[in-house]
1. Would it be correct to say that residue 150 is modelled with pLDDT of 90 or more and on the phi > 0 side of the Ramachandran plot?
2. Of the residues 84, 102, which single one is at pLDDT below 95, crowded, with 20+ Cβ neighbours inside 10 Å and not acidic (Asp, Glu)?
3. List the strands (runs of 3 or more DSSP E) that sit entirely inside the stretch 41-144 and contain at least 1 residues that are farther than 30 Å from residue 11 by Cβ.
4. Is the stretch 48-66 home to any residue that is surrounded by 15 or more Cβ atoms within 10 Å (Cβ to Cβ), at pLDDT 95 or above and within 19 Å of residue 138 (Cβ to Cβ)?
5. From the list 14, 31, 43, which one is within 30 Å of residue 116 (Cβ to Cβ) and either at pLDDT 90 or above or open to solvent by less than 100 Å² (accessible area, probe 1.4 Å) (or both)?
6. Can you name the residue in the stretch 118-150 that is open to solvent by 50 Å² or more (accessible area, probe 1.4 Å) and of a type in the set (A, V, I, L, M) and, of all such residues, is farthest from residue 52 (Cα to Cα)?
Amino acid sequence: MRRLRGKIPELITAALERMARLLGRRTPEQAHLRTGRQGEQMAYYFLRRQGYTMVARNWRTQGRRGEIDLIGWDGEVLCFIEVKTRGSHGLAPAEAAVDRAKQRELRGMAALYLRRRNSHPRKPHPPSRFDVVSVYLAAGAEPEMELFKDAFSWRSMSGKRRPRF
């Protein structure tokens with residue numbers, strides 16, 4: 001019973017999504033978008049089982065391009081999480097898609113999130129990090145997930161320091 005209790009929200013969400021598809025409430029979406037959405041959903045529950053307390057999904061802000069897939073607490077550390085989903089293991093692992101440009105985008109979005117979260121200028125920001133979850137959804141196989149904690153830092157490859165708020 002204990003093992004099932006942790007899966008109940010996941011099962012309910014999947015059932016509701018299936019009902020919505022059957023009722024025709026969704027517009028058709030491209031296969032890669034459906035795969036990505038499914039991977040993010042699986043990563044969300046995977047991280048909860050790992051002990052994360054999730055606080056946001058697909059966080060966006062007006063006036064800036066991009067989004068943060070998941071935001072959650074791992075103990076006392078606020079984590080900005082990028083999810084990369086693939087249908088199979090290719091030549092490069094899924095996490096390799098988080099290149100310099102993507103890291104720069106995520107740093108900028110995370111800085112905005114922290115700025116908006118703390119409206120008081122003298123209140124310190126919590127410790128934070130960037131995690132990446134790779135999800136593989138190969139047909140006929142069990143989904144595979146791998147978590148990369150602290151996948152990259154606030155410092156870019158050019159040596160810039162963490163932004164001041």
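The values are calculated or read from the model by the stated rules, or taken from the named source; none is laboratory data. Keep in mind the model is a prediction, meaning the values are calculated, not measured. When we count neighbours, we look across all protein chains shown, and the Cβ atoms used for this are built from the backbone with ideal geometry, even at glycine. Heavy atoms of the whole protein, side chains included, go into the accessibility calculation; ligands, DNA and RNA do not. Shrake-Rupley method; radii C 1.70, N 1.55, O 1.52, S 1.80 Å.
1. Answer is yes for this residue.
2. 84
3. 128-136
4. No, the conditions are met nowhere in the stretch 48-66.
5. Just one listed residue meets the conditions, 43.
6. So, considering only residues that are open to solvent by 50 Å² or more (accessible area, probe 1.4 Å) and of a type in the set (A, V, I, L, M), the one farthest from residue 52 (Cα to Cα) is 139.
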